[in-house]
Structure formats: C-alpha cells, structure tokens
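Please treat every number below as a calculation from the coordinates, not as lab data. Because the structure is predicted, anything quoted here is derived from the model rather than measured. Virtual Cβ from ideal backbone geometry, glycine too; neighbours counted across all protein chains shown.
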2 protein chains.
Amino acid sequence: MAIIVQKYGGTSIGTVDKISLVADKIIVEKNNGNDVVVVVSAMSGETDKLHNLAKIINPEVKGRELDVLISTGEQVTISLLALTLVEKGYDAISLTGSQAGIITNNVFNKARIESINNSVIKNYLNSGKIVVVAGFQGVTEHGDITTLGRGGSDTSAVAISVALDAKECQIFTDVDGVYTTDPRISPGAKKIDHITSEEMLELSSQGSKVLQPRAVEFAGKYDVGIRVLSTFEDGTGTLISKDNKQVMEKAIISGIAFNKDEAQLTIRGVPDQPGIASLILGPIAERNIDVDMIVQNVGEDGLANFTFTVPRNDYKEAKKSLLESAKNFSAKKVIGNDKIVKISMVGVGMRTHAGIASKMFSVLAENNINISMISTSEIKISIVTDENNLDTAVNVLHKAFDLDK
Amino acid sequence: MAIIVQKYGGTSIGTVDKISLVADKIIVEKNNGNDVVVVVSAMSGETDKLHNLAKIINPEVKGRELDVLISTGEQVTISLLALTLVEKGYDAISLTGSQAGIITNNVFNKARIESINNSVIKNYLNSGKIVVVAGFQGVTEHGDITTLGRGGSDTSAVAISVALDAKECQIFTDVDGVYTTDPRISPGAKKIDHITSEEMLELSSQGSKVLQPRAVEFAGKYDVGIRVLSTFEDGTGTLISKDNKQVMEKAIISGIAFNKDEAQLTIRGVPDQPGIASLILGPIAERNIDVDMIVQNVGEDGLANFTFTVPRNDYKEAKKSLLESAKNFSAKKVIGNDKIVKISMVGVGMRTHAGIASKMFSVLAENNINISMISTSEIKISIVTDENNLDTAVNVLHKAFDLDK
C-alpha cells in the first residue's frame, strides 16, 4: 500500500466548514487504497493572534516560551480535523510534533528537524488509521517544544514523506500550482506543469510564496516528489521532482521570482584580506539571522566594500551587530536600505545558453531600472533594485523572455 | 527552602494585564525565599470556546481528540505567564502536563492522576527557576494527552503539592475564602477561617464551587494544607487542613452546600435481592458516569425501589443505560427528574450532637418544602427537593442553625 502525505495550510482549514472539505479530499485518497498522513498548519490568522498576545508582554518576544504558545495553533487544527474524519466514519488520530517523534535541534522559533522516529506514524497507519500530524513543530531531545519558523509546515510534510518513504507529498494551497511569475504582478503569468527541485528552490527562496525553500531542498536531497495543488479547485497542479527532461528541453527560463522581504546592508572600507567575510558574517550567523545575497568588491586603496541582504524583520538587529563588529576592523562606514526588492530569473536551461544575463541587464536599462546588486548562480540571476521598480521590472522581463507564450 | 504551590484559575488570568498582577503575587512569594511552583488554568471562557468549536463537528463530542484540543488552553496561559515573569526579571519556565511528568489513566476527558515524576520540576526549582505548570492536564503512559475534567486544575495543584512535599497549596480564586453557604443565596453567609478537609470535602462535593472535591480528597489523604485565597483582595483566606480543633469546638454545623447540577433517576419494582445494586449501577459506572446519592427502600410485594443521582449532563445517557438494564430484571418502571437540587448541611460537630436531622426536616416542613430523597453520613445530611425551593430552604436552614451569627 502506497503512502501519500498531504499538507494543508492555514487558509485551507480556516473554519470548521473548510476542515470538512479538506476531510473529503483526504477520504478520496484513502478510498483510493492509499495510507494517508495529513500535515496541517494552524488556522489562518491564529499564529499571528497568538504571537500578538505575547508581543503585548514583550514586543521583541522570542525563545522557548514563544514556541510553547505558538505550537497550540496546530494542536487545535489536528484535533478538529481528526474529529471531523471520525465523524465522517473514518478512523483517524491526531499527533503533535512531539507525539509524532519529530526531533529538532534547540534553536527555538527557527528549529531544524534532525530526525523523525517513523515507528509511531507507521504503527497507526498499519492499524488502518488516517494520521493527522501538527506541522511546523517538533520537540528537542530534552522534551522542549520547538517551532520551525514560518512556513515550516511544508518542511514537516516533506520530512515526514522522506521518513515514511512516501509515494508523493501533496502540498495543498490556495493557488493551483507554480507560475512563471506572480500573476498579481504579471497577468500573463502561466502555470508550470513540471519543474525541477533545483529550479523550484531558486524560485521559492527568491520569494515565490507557494513553497518553503527548506521543504524543496529537503525533497530534492531525498528525491521525494512534491505536488503543489489547490484545495479549492480540481487540477493536477505542479509536480516538483529532482529531474525533469521536459522542462530542460522546453525553456531557458522557467520563472521570475521576487522578494520584498529583504533588506540590504553594506560595510565600506574593510581591509581586503583573508577571513574578513567570516569576521563580518560570523556575528550575524550567531544571532541566527539568515544571510541571502553576498557581494564583495574592491574599492579604493585596497579596501573592500562588502554588501549582503538579510530578512527585513532582522534588519535592525543585523545592522546593530554590523555596527559593533565594524569597530573591530576599522571599517569606514555602515549603510543600509530596507526598501529594496530582489528579482531573480531562474531556469536550468540557463546553463547551456549564453547571454541571458546581458539580455536581462539591457532590458532593465531600457526601462530605466537601476541595479544596486547582482548575484549569479548556475541556474539563476538575481538583481536588487528599489522596491518601487518591482512591477515594471517583472513585467518587462516576463515579456522579453517569452514567458507569457 | 520551602516549596509553595500556587494555583490560579481562569478568571485570575483572563487577560495579559491580569497575568501581570498574578506574576507580581508569585514574585512576592519567591522574594520571601520560597521555591514557587505555579499551576494555571486556561483563560476564562477559552475552554468553552474550544469545546464549542468541537461541538460544531459533533454536538456530543468526547474522547481522545477533545483532550488534544482542550489542553491547548492551559498551554497558552503557561507560556504567557512564564514570559511575563521573565519580562519582570525572574527566571521562569513553563511545562505542559506531559512535560511535567503528570501521568494519568486513559479515561479521556475525566482522567485521574496516577503518578507525578517530580524530578523534572525539582531540577528546575534547584536551578532557581519559577516553574509554571499547566493544570487540568496530563499524559498517559503511552503519550496520549488527557484532561482531568472541569475543575481539574485544583487537583493538579494538590497532586503537585503532594509530589513535591510542598509547605502549602494556595488556591487563588475570585472569592476570598469558603463561606457557610453561598452569599448570593444567603446574604448572612460568613467566611470560615479554618475547616477540616473532611468538612470541606462534603461542602465542595455538595456544590460549593470554590474547590474541586477530588483536590480536597487528595489533600486530606496526604495531609497537605490548602489555603483558599482571593487573587484580587488581600487576606488570609480559608485554611483547609486534616484536623482542626477550633472548628470542632465551635460549631455543630460549619456550612450549607447545594448542588443544582444533579438529576435523579428511580427504578421501581426491582427484586429485593443481593447484587441488585451492582446490576443497576454497574452499567452506569462503565460509562464513566459518577453516581452521587443512592437510596434503596422496599416497596410492595418484596420489590424494591432504587433511586440515585447523577450529574445533570449525564442524565440522558444514564437514563438510556437504566432503561436497557431494567429489561434484565423486569423492573416495573424507570422515572427521572432533572429539575432537582440537593441541599446538604455539613459539620464535624454533628457526630456528637443528636437531633440535627429532625430539626432540619421540621424547619423544612414548616416552610412547605417537600423532600424527595434523604441521605446521611457521619458529618453530613443531604436532602433532594424541587429546584424552585433552593433559596427558601438554604435561607431558613442558615438562620435556624445560627450560621449568620
């Protein structure tokens, strides 16, 4: 019997009525003869509501107790969904992250899954039950409750799929698949049928909100197929798998992503010597702030300028840290900007086609869009620009690279 | 260093502001040089809100998943209280029932505590922390979340006091102590300074809402002193301890309790033979319905009438069960009434004073109050009457036994 893992996000289960619709979808898969494990988020808005309660006590709240609080959101939905399945005549059981044996490290609020004891879920599946697991949460080996950070339910679903050797990990959301770019910005955006996890990783980490990058990374690493589907419409969605010839042969560029949730920090006039990057980024990493783009180039007098981007939420803390460490190597100046957007073009076809970058830059230049940062990888080109340029930039690129055709 | 256990109910921690006031009370005790363990309920109304959500799915909802849902209420308050204590500069940690090692049996929704692994709490106390524990909940030895039923947080607090050999278990509530009867019914009701756990047990199980009877029973059994205090006013409250000479010498009757949360069931014309009581009550007990008063007397033709009371919520189910089992011993009739009230007079002094019962019955008769059931114990006399008689009966008894003096 094949195991199917389904994940439903907060908008899919925001009310008891919606939970009933979700239960029907689960039952279809169960009646197809599959073992079904369902991973759910908290009801939409609930995590923010709990977070705001804690912010009354401390506006900068974080750490262990926040996870104890926030994790109740999914605990409510697992029980309501399990009750609904039982009410519809199907045997079901709910499990918190802790009960499901999802062991994480002890970085509260942003924990990472270290292992899953799959025997708990497997035993319940073997006894014929539909197993409903709380996403986004786990437990340390010492029994402290942890959460995986925003979007972590996708990661939970993929990790469980890997641990159970599931046939497919279906991520149900409020869109019917992955698009060439955000349809709200470019009306010509098209749904993609197949995409490689490598491309999806670049797309999602660059700001496509459909799937959490850590989930895609996990799936790619362990070769689990993820299918992104709509909770509210029928359709085959978008399949994300390790390899996909169709995509490779069809298009040079598979999509354009953007991310407004970043801020840029520059430290000017640092000595251009080995180890300087780790001196700058070390203190940032110690604060558990993710660094995304990193650019270093030489300025005047053998001194280098060092620029990087961080999540916009962490901007203040990162700037503070940078100002402190700047003293240690007598840097000239620290400057920052949190009104930026990163725009990325992604495609495995890029590997074998020259000139993509220069075409991108000339299209942007023709439209008077100034670039403040550039970073490239084998299958991606990212630029940073003022956030006011977002709509124009995405639309002119989408058209110039024939993504609307 | 002495250990003080404090318990705060839902009305004491209904908002973040109230939680801050509670934190100040805890800090006073900590600054007195004590180790402090705090047991909290869910915010007032929260348990009902969660329960109502589940009732949309199934109006008769019960069992495992309900406990997964309901237990999130206390998980929210423990984290908010721990965050508040930390914000005020005190080291604190929250523990769910499961994390605190509160092991229960597997009777979901009405579980009983079987043991507490006190090493978890003790280790945190030894490291100087204030430990905040979720009341009302525990975990089975298989890791399933359970709840203890309404009012179970009192039981949690007393059980933790016993497990830690605490100096005192302070139950903070919205009243400033235990009264001779409900002041809303009798304006002449007086606060009691000391009361024995035996008396308190009769008072609370008979309907005084201040303390859960199971908690009092537990405390009496293990000789832990409970002090009932107001969260919102200063005062010494009411001390409930195993023995109390002052009370024994002072009053014959310490208080009058009543309980409107009961229903009465009668099975008529059952054979008056050994074992009949267990045949009638066995199926009721199997459904985990508590039976309170039991009266059996012989009717015509050697056939007996058997009457008992159950919680009003369980009335329908108990009646159904009784109708089924009535067939097995060809009983004549099953009748029931859920519009009753039980009124009880309690006092250890009763043991040594004759005539209390007859005085009670004559006072009620003078006021035209009809009695449908009588039950007596060494320190208690209970009667059942129509619920419309409640106010009159309590007031005339309170006056007749000089409780207002």
Between A:SER119 and A:MET1, the two model label points (7 Å from Cα along the beta-carbon direction) sit apart by a distance in nm of 2.0 nm
Of all C-alpha pairs within segment A:248-405, those more than 25 angstrom apart amount in percent to 37 percent
Is the C-alpha gyration tensor of the protein assembly as shown telling us rounded, prolate or oblate? Criteria: a/c under 1.5 is rounded; beyond that, a/b larger than b/c is prolate, otherwise oblate.
prolate
Cut-off 18 Å (backbone N to label point 7 Å along Cα→Cβ of B:THR11), residues of segment B:161-192:
B:171-192
What pairs from A:LYS7/A:LYS221; A:LYS316/B:LYS25; A:LYS320/A:LYS342; A:LYS191/A:LYS399; B:LYS25/B:LYS260; B:LYS55/B:LYS319 go past 27 Å between their alpha carbons?
A:LYS316/B:LYS25; B:LYS25/B:LYS260
How far apart, in nanometres, would the label points at B:GLU233 and A:GLU233 be if each is projected 7 angstrom from Cα along the Cα-to-Cβ direction?
6.4 nm
Cα shape, segment A:3-174, gyration tensor, a/c 1.5 rule:
oblate
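Given axes a ≥ b ≥ c from the Cα gyration tensor, I'd like to know whether chain A is rounded (a/c under 1.5), prolate (a/b larger than b/c) or oblate. Provide the component values of the computation, followed by the final result.
Numbers: a/c = 2.15, a/b = 1.41, b/c = 1.53.
Taking the square roots of the gyration eigenvalues as a ≥ b ≥ c, chain A is oblate.
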Taking the Cβ of each residue in A:GLU168, A:GLU366 as the centre, tally the other Cβ atoms inside 10 Å and list the residues starting with the fewest.
A:GLU366, A:GLU168
Segment B:184-191 - phi-based ³J(HN,Hα) in whole Hz, Karplus 6.51/-1.76/1.60, Gly and Pro as x
6, 8, 10, x, x, 4, 10, 6
Starting with the fewest neighbours, write out B:LYS191, B:LYS30 ranked by other beta-carbon atoms found within 10 Å of each beta-carbon.
B:LYS191, B:LYS30
Compute the FRET efficiency between A:ASP165 and B:LYS167 as 1/(1 + (r/R0)^6), taking r as their Cβ-Cβ distance and R0 = 56 Å, and round to the nearest 0.05.
0.55
Expressed in angstrom and rounded, the centroid-to-centroid distance over alpha carbons for segment A:335-387 and segment B:380-400 is 84 Å
Angle between the Cα long axis of helix A:152-164 and the longest principal axis of chain A, 0 to 90 degrees, nearest 10?
60 degrees
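By count of other Cβ within 10 Å, fewest leading, how are A:PHE329, B:PHE108 ordered? Before the final figure, lay out each step's value.
On the way: A:PHE329 15, B:PHE108 21.
So the ranking, lowest neighbour count to highest, is A:PHE329, B:PHE108.
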Value at 222 nm in deg cm²/dmol, rounded to 500, when DSSP H runs of n ≥ 4 in chain B each add -39,500 (n - 2.57):
-11000 deg cm²/dmol
³J(HN,Hα) across segment B:51-68 via Karplus (A = 6.51, B = -1.76, C = 1.60, θ = phi - 60°), whole Hz, x for Gly/Pro?
4, 5, 4, 5, 5, 4, 6, 8, x, 9, 3, 7, x, 3, 5, 4, 5, 4
Considering amide H positions built from the backbone, and no H for Pro or chain starts, which residues 5 or more places from B:THR181, or on another chain, come under 5 Å of its amide H?
B:LYS190, B:ILE256
